Each structure stands twice: as structure tokens, then as C-alpha cells.
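Read the structure below first, then the notes.
The values are calculated or read from the model by the stated rules, or taken from the named source; none is laboratory data. Just so you know, these numbers come straight off a predicted model, no measurement behind them. Because the Cβ atoms are built from the backbone with ideal geometry, glycine has one as well, and the counts that use them run over all protein chains shown. Only protein heavy atoms, including side chains, enter the accessible area calculation; ligands, DNA and RNA are left aside. Shrake-Rupley method; radii C 1.70, N 1.55, O 1.52, S 1.80 Å.
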Amino acid sequence: VALSRPGEAFLDATKAVVGPQGWIADPAEQERYLIDERRLYRGRTAIVLRPRSTEEVACVVGLCHQHRVAIVPQGGNTGLVGGSVPNEAGGEVVLSLARMNRILDVSPLDYAMTVEAGVVLAQVQDAARAVDRLFPLSLAAEGSCTIGGNLSTNAGGVNVLRYGSARDLVLGLEVVLPDGRVWDGLRRLRKDNTGYDLKHLFMGAEGTLGVITRAVLRLFPLPKQVVTGFAGLVSVAAAVDLLSRFQAATGGRVTAFEVLPRFGLDLILRHIAHTADPLTDAHPWYVLFDVSSGEDGAGLTQAVEGVLAGALTGGILRDATLATNEAQARALWRLRESLPEAQKPAGGSIKHDVSVPITRFAELIERAQAAVQRLIPGVRPVPFGHLGDGNVHLNFTQPEGADTSGFLAQWGAVNHVVHDIVHELGGSISAEHGLGRLKREEIVRYKSPLEIELMRSLKATLDPLGIMNPGKVV
Ligand SMILES: Cc1cc2nc3c(=O)[nH]c(=O)nc-3n(C[C@H](O)[C@H](O)[C@H](O)COP(=O)(O)OP(=O)(O)OC[C@H]3O[C@@H](n4cnc5c(N)ncnc54)[C@H](O)[C@@H]3O)c2cc1C
């Protein structure tokens, strides 16, 4: 179906729906809705629409359907694959959910919270904590990303190994379908086997099947204590071994287990203010971990210390430190979270967001580093991230003094080399960021034709006009 550019009649009708505070046509004011987080894409649009309610979203989407105008849903615009911004042609409208930011209901007894799609993730975490509950989704963009974006990208973050990714944290959804009808799936049931589980279609769909307007989120008991530590190791294989020892000794209570290389720590210490090396000597690899418990008492710390002592004598571990208060724990986490920022001054970085079974994690890093070194001698690998769930951000910083644009021109070739290895090891080329625009073509190389066909037929069934976030995912 041929799509149309937004005409005067369409623009007048949508403005009337959202009211004077609900739209932006001035290009300067639109700017922040049009450039993606990584500054890879800069789009154009006739109008940014900012509805306040499900009813307004439904009317706007209905008008888009009637006028054949394409829609790009947007939350916090922190996505890393270019999914949340319109294309350069100017014919797509941006539908920002940012003003739908109310927490509608918190039920500690049901361990559930009902929120609008535009609520910022950190506010959900705070609201849960206020009633002695935990909403475990946690990522460095949590101060600005929204629940609607988290669910639409099926976001991961640092607690996936214990609590699952965003789709595991949802009981019910409300979605405005591409023709403007509203699907009310806002149930708060733990058990509901009444046919296909439709909510899962919209999670991870990156806005290509409908607009998520509300969600019922799952809450968990708030841990009474969290032991945070930082360890230096000889190898990634040793880190995998350490994780397994922790899980066995604590009954699976590891809630975060992040890995970073020495070069990554060097960048942090050099470029991020007020940071210090937590250990005395330098080590090839580090892990940052949280082990949590619902019980008070010294048992958890003793278990963690026992594992560390065993690993030290077993030659797995070189050194480690445990935070003794919250400020120290925060300082350790700040190191990990500032790594993406610390990479920037070192020049261009070719990025990957991949996952493999944990048993293949060390092999992946070893093989990918060697293969990319062969392609670009002197390249500086910065593989870091969520070892606990098998997800690594396998980034490569340009060789010292290299020409940045010449280096970045090899992005596609490097991607192929790394993704081929990931595929051979039974992994995924997008562990948590999604496909968006960045990996739309790359995925066709790795997913089976049957899976691609099924994805396209779902898209055609739900969005036959193709107005929902065109050019993304499929
Ligand atoms: C510093 C930093 C760290 C990050 N760390 C992580 C991490 O650890 N794990 C991780 O998974 N991601 C991470 N991200 C990526 C990003 O924060 C997540 O993808 C986040 O879930 C996006 O939320 P958002 O509200 O910003 O969505 P946006 O960027 O606005 O949108 C993302 C996608 O969802 C669609 N969308 C947004 N809202 C809706 C809606 N209501 N209905 C339908 N579609 C919608 C958009 O069209 C787009 O395709 C990080 C990003 C940054 C900048």
C-alpha cells in the first residue's frame, strides 16, 4: 500500500485530537525527537504528536490509518538501533508517549503495578521500592528510557540472569492496533492459558505492530541485602567459572554479573572524573557482581567470601574487594556504567550486541578478537557487559591514531566477521537492543527464511497498510 505524506486535513485533525500542548511543528523544538541516541540517523517530520491518553493515541492512529500516514512511536529515544526516529523523507509522524506518564495502580499484594507507557523506568523502580517491592529491570539509561520503549525493545540490562528480560516482567498490556482499535489485555493474572499469548507479539516488536499504551508489570520482593563486589581475573573462562561457583554456593542468588577488560577500566580511569581502581594491581579481566538475599544476617557475605577464598586458592581469582556500604557499591557500579561514555574519547568504536550460551562465552570473545585483529591490525577490543546471561557488547575501538572515518567505514565488514562466529556458536546478533533500522538487513543473513517469512506474515496480518514504524525490524 502506498503511504501518503501528512496533508493539511490530516494535520488539522490530529492537532485537534491532542490539543495545543500536544504537538510540535517547529523544527528547532522537534530536533530531540529526530536524532537517535548514537547520532547515526537524523530524520525529518511534519509533526511530533504527544497524546495524553489511550483515547487520544487511538484517535491519532485511526487518523493515520485513514490517511495512510506512517507512524514512528517514541518513548525516551534512548534506543541504540535507530528504531525510534523517523526517516529522512519527512513523511512519517512521530508519536511520543512521553506525556502518558502516570502510575495508575500499585498493588503490593498482587505484586503488580499498572503504568502508562511513557513512565520513565527509574520512576517505576522508585514506586515499587516505596511499597517494599522490586521492579528489577535496570539499565544505564533508566533515568530517561520509558516502560513503553523497554517493553517494545524487550530490554535486558543487568538483572536478566535472575529476573529475565522485560517481557518476563509483564502480566498484561494495552495496545492501540494499527487501525486505531484498542486491545485491552490489561490482566494481572499469573496464570491464563486461554489461547495465544498476544501480549508477547508486541514486546520486542519495536513499534512495528502497534502502540503499547499501558502495562501491568510484575513486582518482586525487595532484597534485604545486596553484596556488591569487584574481582580481578586472568581470563574470561575464569569469570565463567566464578559465576558458576557463586550460583552453586548461594542457591542462584547472583542478580548481576558484569565483565570488563583491563583496557576498558583504563579508559574509565583516564576519561571519567572521580574514578579510582578498586584493586591494587592491574588484571586482564574484571567482574562486577551483585549477590542478593531476602534475609538479613551475615550468611550471604560469608557465602560470597567463601567462594572468593576458594577461587583465590584455586587460581581462578587474582584479587577481589567487597563494598562495605552503599556509597562504595554505587562507586563500583559507576565504573561499569560509565564505560560506554569512556570509550568515546578513544575514537571510533564498531559495536556488537551479541549473546551465546555461557559455555561458549570465552570462546566467542577469543575468536572474535583474533578475527577482527586479522582484519584491522592494532584494533583495540573492549568486550564488556552481561556475562551472567551470555550477552556481551563486543566493541572494537579504532587503532591508536587511526583515521576515524576510514575505521568506521569497515563497520559492516567487521559485523559480518563477528556475527558469523556468533551464529556458528548458536548465538544471537541482537541480544537486547533490537534490530531497528541498524540490523534490519543483517538479520536476514542469520535467521532462517522460514522465521523471516513468519515474521513478515505477522506484520502483514496486524498492519496490512504498513504504517507502523516502516523500515524497521522487517
Ligand atoms: C547509556 C545506555 C545504556 C543502555 N543500556 C541498555 C541495556 O543494558 N540493555 C538494553 O536492553 N538496552 C539498553 N540501552 C538501550 C535503550 O535504553 C533501551 O532499548 C530502552 O528500552 C529504550 O527505551 P526508550 O523509551 O528510550 O525507547 P525509544 O528509544 O524511544 O524506542 C525504542 C523502540 O521502541 C519503540 N517504542 C517506544 N515506545 C513505544 C510504545 N509505547 N509502543 C510501541 N513502540 C514503542 C520505538 O519505535 C523504537 O523502535 C541503553 C541505552 C543507553 C543510552
Quick calc, the chain, dipole around Cα centre from Cβ unit charges on Lys, Arg (+) and Asp, Glu (-), nearest 20 debye, gives 420
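On full extension of the chain, what length is gained from residue 451 through residue 66, given 0.36 nm per residue of separation minus the C-alpha to C-alpha distance?
On the way: separation 385, 0.36 × 385 = 138.60 nm, distance 3.07 nm.
Full extension of this stretch gives 135.5 nm more.
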Gyration tensor on Cα atoms of region 174-280, a ≥ b ≥ c root eigenvalues, a/c under 1.5 rounded, else prolate if a/b beats b/c, else oblate, says prolate
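Rounded to the nearest whole Å², what accessible area per residue is found for region 125-224 with the 1.4 Å probe?
Using a 1.4 Å probe on heavy atoms only, each residue of region 125-224 averages 42 Å².
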At q = 0.06, 0.08, 0.09, 0.12 Å⁻¹, the log10 of I(q)/I(0) for the chain from a Debye sum over equal Cα scatterers comes to -0.28, -0.50, -0.63, -1.11
Expressed in nanometres to one decimal, the distance between label points 7 Å along Cα→Cβ at residue 442 and residue 420 is 1.5
Taking the alpha-carbon centre of each part, the distance from region 343-421 to region 26-80 in Å is 32
Computed about the Cα centre, the charge dipole of region 342-474 from +1 Lys/Arg and -1 Asp/Glu charges at the Cβ has a magnitude in debye, to the nearest 20, of 240
Relative contact order of region 285-439 (C-alpha contacts under 8 Å, at least 6 apart) in percent is 25
Across the chain, qualifying lysine pairs (alpha carbons under 28 Å, at least 8 places apart or different chains) come out at 19
For residue 282 and residue 404, extending 7 Å from Cα along the Cα-Cβ vector and measuring point to point gives, in nm, a value of 2.5
Relative to the chain, whose Cα atoms define the longest principal axis, helix 262-271 and its Cα axis are tilted in degrees, nearest 10, by 70
Where a ≥ b ≥ c are root eigenvalues of the Cα gyration tensor, a/c under 1.5 meaning rounded, otherwise prolate if a/b exceeds b/c and oblate otherwise, region 9-141 counts as oblate
1/(1 + (r/R0)^6) with r = Cβ-Cβ of residue 413 and residue 366, R0 = 22 Å, i.e. FRET efficiency to nearest 0.05, evaluates to 0.65
Largest-first ranking of 191, 351 by accessible area, probe 1.4 Å, whole protein assembly kept, is 191, 351
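State the percentage of accessible surface on the chain attributable to carbon and sulfur atoms; use a 1.4 Å probe and exclude ligands, DNA and RNA.
After summing per-atom areas, the C and S share lands at 52 percent.
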In nanometres, the difference between 0.36 nm per residue of separation and the alpha-carbon distance of residue 222 and residue 9 is 71.5 nm
Length gained if residue 272 through residue 235 is fully extended, taking 0.36 nm per residue and subtracting the Cα-Cα distance, is 10.8 nm
Between the alpha carbon centres of region 259-299 and region 100-124 the gap in Å comes to 32
Helix 8-18: inclination vs the chain longest Cα principal axis, degrees, rounded to 10, gives 60
For region 293-347, the charge dipole (Cβ of Lys, Arg +1; Cβ of Asp, Glu -1; about the Cα centre) points to a positive end, and the Cα of 312, 338, 301 closest to that extreme belongs to 338
In nm, the gap between the two label points placed 7 Å beyond Cα toward Cβ at residue 184 and residue 107 is 1.5
The size of the Cβ-based charge dipole (Lys, Arg +1; Asp, Glu -1) of region 273-391 about the Cα centre, to the nearest 20 debye, is 680
Per the C-alpha gyration tensor (a ≥ b ≥ c, the square roots of its eigenvalues), region 326-474 is rounded if a/c is under 1.5, else prolate if a/b beats b/c, else oblate; here it's prolate
